[in-house]
């Protein structure tokens with residue numbers, strides 16, 4: 001079920017990229033820049049974990065960016081109302097989880113294709129976020145809350161530690177638990193999973209709930225980082241998350257993929273953006289390069305898969 | 001084989017992007033971080049900055065997030081430029097408050113920050129203990145007033161008007177709107193029948209104004225907080241066969257808008273001077289690097305463009 005060989009290819013790609021940047025600019029391979037990249041990657045990387053679970057079930061979640069915005073503004077408003085920050089964070093996470101569960105219900109009970117239901121949720125959550133705030137950002141929080149983004153533990157920024165925690169946990173969930181096995185089974189062949197007694201509806205709903213929850217977690221970090229929650233935050237973040245997942249070797253057809261691969265995928269995107277900034281490359285070229293890398297990664301991935309067969 | 005291919009192509013891509021880097025050694029490096037490059041306003045700003053950088057003999061790194069509203073990406077760009085150890089950063093903030101943490105990081109790295117076009121929220125900046133070298137931009141409130149007075153006078157102080165707003169909570173749009181409201185307050189018989197956001201965009205300007213025309217067919221004039229929305233409104237007016245019967249006033253006087261003014265479909269626009277803004281950003285970045293004293297605000301000329 002787990003394709004270590006394919007992750008290896010992506011890892012080589014990441015290392016090659018780092019090598020090239022190391023040759024090209026003296027500013028790349030410094031401890032502070034690497035931590036900088038890890039921190040910048042954390043938000044996309046966390047969303048991409050949820051996306052990986054969803055895509056392995058052969059689904060898709062287009063609503064992650066909007067859920068992030070909604071979780072963010074609800075949490076920010078709660079904070080502004082004077083609620084202690086741990087409770088506000090919990091509220092933000094629950095909003096994300098709830099939106100995800102609604103996605104799950106629409107897909108399993110409503111029998112809507114994931115593309116449609118999450119497209120709807122994308123618009124609904126964004127709209128609610130805008131209504132909730134009358135379109136205005138909610139900003140200015142306590143130092144304790146902002147510590148989530150600004151704090152360090154042995155010089156490692158807290159968002160990076162949160163990201164590592166999420167990846168360890170997600171890797172464990174996907175490889176060592178029933179939830180993980182069923183996630184692969186549903187994506188591989190939903191009919192067969194159903195016939196062999198897997199409660200498909202339940203596990204699918206859990207997976208979408210998890211994806212929403214992680215969007216909520218990303219919202220916590222983003223809000224602390226910018227010291228502001230914007231109802232227009234996270235527009236098109238779904239595409240970055242899908243890109244990281246796909247670069248990491250998860251198949252959009254479902255049934256295969258890995259958490260480690262997604263981490264490498266997210267890092268490739270982060271390193272690329274960072275490197276192109278360091279080199280002072282025009283923003284237009286940057287978009288082209290990132291797009292090309294996504295296409296290239298999937299092409300190589302497919303070629304490798306064919307070879308194996 | 002495939003892995004070697006990846007390695008080769010990534011390296012080639014990066015080397016291809018590398019041109020120009022080497023010629024810059026020894027020269028100061030100044031960064032200009034804009035909101036987007038999907039808007040002619042910022043393309044003009046970049047052009048002005050490039051000319052000035054050439055003259056002043058330093059290397060310019062011009063960057064912008066892929067999407068205008070993406071403050072987090074803008075923050076990432078600034079963090080990366082700090083790693084790059086640029087000598088000064090000029091930034092047109094995508095969010096007046098959200099950019100503050102990035103400015104503080106630049107402060108900590110000892111890199112001067114010059115704010116261009118959109119002001120930073122001064123309260124947030126103070127609370128965070130950050131500071132900026134100067135603000136280079138136009139007075140948008142004044143621009144809004146110019147537009148308000150122009151429309152009111154054209155309508156002889158009486159009539160029904162609509163407004164296409166920018167993104168709410170966005171300092172630039174809010175200031176233009178404030179100025180506009182101030183100006184029309186002097187004309188009690190001017191009535192605002194609709195005021196809605198079209199998020200700065202041309203296609204949304206079209207749709208929103210089409211809807212306004214449906215619900216308020218009597219509307220005589222529209223003020224759009226930027227030209228992109230104004231141009232969208234012009235298309236909507238033309239589609240409903242009302243060309244010439246609704247006066248359109250935009251903001252920014254971009255090339256398309258100037259053409260529309262020349263051809264008579266747009267009544268007026270307020271000209272900011274992004275090219276001059278880009279030039280001044282470089283001039284004052286240069287002064288900041290040399291540690292000259294710089295006034296806290298550098299005004300850029302603003303004017304009404306009409307046929």
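We did not get these values from a lab; they are worked out from the coordinates using the rules stated. The structure presented is a predicted model; accordingly, all values stated were derived computationally and were not measured. No Cβ is skipped: glycine too gets one built from the backbone with ideal geometry, and neighbour counts run over all protein chains shown.
Three semi-axes describe the equivalent ellipsoid of segment A:4-308; taken as square roots of 5 times the Cα gyration tensor eigenvalues and ordered largest first, they are 28, 28, 17 Å. The angle separating the long axis of helix B:171-184 from the principal Cα axis of greatest extent in chain B is about 30 degrees. Each DSSP beta bridge with both residues in the protein assembly as shown is either parallel or antiparallel, and the antiparallel ones are about 15%. The mean number of partner chain beta-carbon atoms within 10 angstrom of a residue's beta-carbon across peptide A:287-298 is 2. In this label model, residue A:199 and residue A:131 are separated by 3.2 nm, measuring between points 7 Å along each Cα→Cβ vector.
Among the residues of B:227-239, the average count of other protein chain beta-carbon atoms within 10 Å of the residue beta-carbon is 0. Extension gain, residue B:290 to residue B:50, is 84.5 nm, computed as 0.36 nm per intervening residue step minus the present C-alpha separation.
Please determine, in degrees from 0 to 90 and to the nearest 10, the orientation of helix B:202-215 with respect to the longest principal axis defined by the Cα atoms of chain B, where the helix direction is its Cα long axis. It is inclined by approximately 20 degrees.
With no solvent and one equal point scatterer per Cα, compute the Debye intensity ratio I(q)/I(0) for the protein assembly as shown at 0.05, 0.06, 0.08, 0.12 Å⁻¹ and report its log10, rounded to two decimals. After summing over all Cα pairs, the log10 values are -0.24, -0.34, -0.61, -1.26. Computing Rg and the Kirkwood Rh from the Cα coordinates of segment B:140-271 gives a ratio, Rg/Rh, of 0.92. Mind running the shape call on segment B:243-297? Use the C-alpha gyration tensor, a ≥ b ≥ c as the square roots of the eigenvalues: rounded below 1.5 for a/c, prolate if a/b tops b/c, oblate otherwise. Prolate, because a/c is 1.5 or more and a/b exceeds b/c. Computed from label points 7 Å out along Cα-Cβ, the spacing between residue A:295 and residue B:210 is 3.2 nm. Take each residue of peptide B:76-88, count the partner chain Cβ atoms within 10 Å of its Cβ, and average: the result is 6. Place a point 7 Å from the Cα of residue B:57 along the Cα-to-Cβ direction; which residues of segment B:86-108 have their backbone N under 19 Å from it? Residues B:87-88 qualify, since their backbone N sits under 19 Å from the label point. What whole-number distance in Å separates the alpha-carbon centres of segment A:247-290 and segment B:257-307? Using only Cα atoms to place each centre, the spacing works out to 37 Å.
Reducing segment A:73-87 and segment B:37-115 to their Cα centroids gives an inter-centroid distance of 32 Å. Put in order of Cβ neighbour count within 10 Å, fewest first, the listed residues B:200, A:22 become A:22, B:200.
Computed from the C-beta positions of residue A:161 and residue B:109, the FRET efficiency with R₀ = 22 Å rounds to 0.45.
Approximating the spin labels as points 7 Å out from Cα along Cα→Cβ, the residue A:168-to-residue A:285 distance works out to 4.1 nm.
With a 10 Å Cβ neighbour count serving as the proxy for reagent exposure, in which order, fewest first, do A:95, B:248, A:162 appear?
A:162, A:95, B:248
Using the Cβ-Cβ distance between residue B:306 and residue A:144 with R0 set to 56 Å, the FRET efficiency works out to roughly 0.55. Once you order the gyration tensor axes a ≥ b ≥ c over the Cα atoms, which shape class does segment A:81-201 get: rounded for a/c under 1.5, otherwise prolate or oblate by comparing a/b with b/c? Oblate, since a/c reaches 1.5 and b/c is not below a/b. Among B:187, B:284, the ranking by other beta carbons within 10 Å of each residue's beta carbon, starting with the fewest, stands as B:187, B:284. From the square roots a ≥ b ≥ c of the eigenvalues of the alpha-carbon gyration tensor of segment A:156-309, which class results: rounded (a/c under 1.5), prolate (a/b over b/c), or oblate? Because a/c hits 1.5 or more and a/b fails to exceed b/c, segment A:156-309 counts as oblate. In chain B, the longest principal axis of the Cα atoms and the axis of helix B:71-83 are about 30 degrees apart. What is the gain in length, in nm to one decimal, between residue A:181 and residue A:115 on full extension, counting 0.36 nm per residue of separation less the C-alpha to C-alpha distance? Here the segment from residue A:181 to residue A:115 would lengthen by 21.4 nm.
Given a Förster distance of 22 angstrom, what is the FRET efficiency for residue B:156 paired with residue B:243, based on the Cβ-Cβ distance and rounded to 0.05?
0.55
Placing a label point 7 Å from the Cα of residue B:191 along the Cα-to-Cβ direction, the residues of segment B:143-180 with a backbone N closer than 15 Å are B:157-163.
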